[in-house]
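K.L.:
Before I ask anything, here is the structure I am working with.
Every number in this text was worked out from the coordinates using simple rules, so none of it is lab data. Since we're looking at a predicted model, the values are computed, not measured. Virtual Cβ from ideal backbone geometry, glycine too; neighbours counted across all protein chains shown.
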Amino acid sequence: DEALARKAVDVRTGETVRVEGGVPIFGRHPSDASTVLLATGIEGAIPLAEGVRGRSSRWEVDETLRVIGHPAAFAVGDAAIVTAGKSAVAASAQHAVQEGAHAAAMIECLVAGKALRPFQPHTVGEFLTLGEGEVIGWVQFAGRRIHLSGFSAAAARTAAFARYLAGLRLGALRASRG
């Protein structure tokens, strides 16, 4: 993507990533990148390193999303076991997007020498597709949880996804004008 390239962001897909002696290795090639963000999708893809807590290739993170046992690394989405207070944060796309934005903001804080802030998820709703077009779920509206099913749940899920995609487009437009 040209907008990312102008900001010196190198996007790679389908590559094996590992870290040896603190140096990121893409495939067989070491990198001099000062920051590496890894998006694996569906499940964590990096085996747990020595001294890092977690399970099933999902790393435990502290309240700021830094990997416990490796504070120079952040993990989000399917690569992380995230908690807020004493509660586990549901592994969902809406939370992964929020976690990614928070991790990026915390990297900016580190670079600027500012204090890190804890991650606070904001769940606006959850939907589950049961197959054959059947959808159930809930949305948060005016401080109340409203349960939906059938067509109203499918419509609300579609509207939420469209809003998310519009936000991505708006963010890309802002970055291109940046």
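K.L.:
What is the distance, in nm, between label points placed 7 Å from the Cα along the Cα-to-Cβ direction at Glu108 and at Glu126?
P.N.:
For Glu108 paired with Glu126, the spin-label model returns 3.0 nm.
K.L.:
Measuring from a point 7 Å past the Cα of Arg145 along Cα-to-C-beta, which residues in the stretch 95-116 have an amide N at less than 19 Å?
P.N.:
95-96, by backbone N distance to the label point.
K.L.:
Between Thr16 and Asp32, what is 0.36 nm times their sequence separation minus the Cα-Cα distance? Round to one decimal in nm. Can you show the working numbers first?
P.N.:
Values: separation 16, 0.36 × 16 = 5.76 nm, distance 1.62 nm.
Roughly 4.1 nm would be gained on extension.
K.L.:
Near the amide H of Glu60, under 5 Å away, which other amide H atoms are found, from residues 5 or more places off or on another chain, if H is placed in the peptide plane?
P.N.:
Counting only residues 5 or more places away or on other chains, the set is Arg53, Gly54, Arg55, Ile68, Ile81.
K.L.:
Another question, if that's okay. Multiply the residue gap between Ala159 and Ala101 by 0.36 nm, knock off their C-alpha separation, and tell me the result in nm, one decimal place.
P.N.:
Details: separation 58, 0.36 × 58 = 20.88 nm, distance 2.17 nm.
Gain in length upon complete extension: 18.7 nm.
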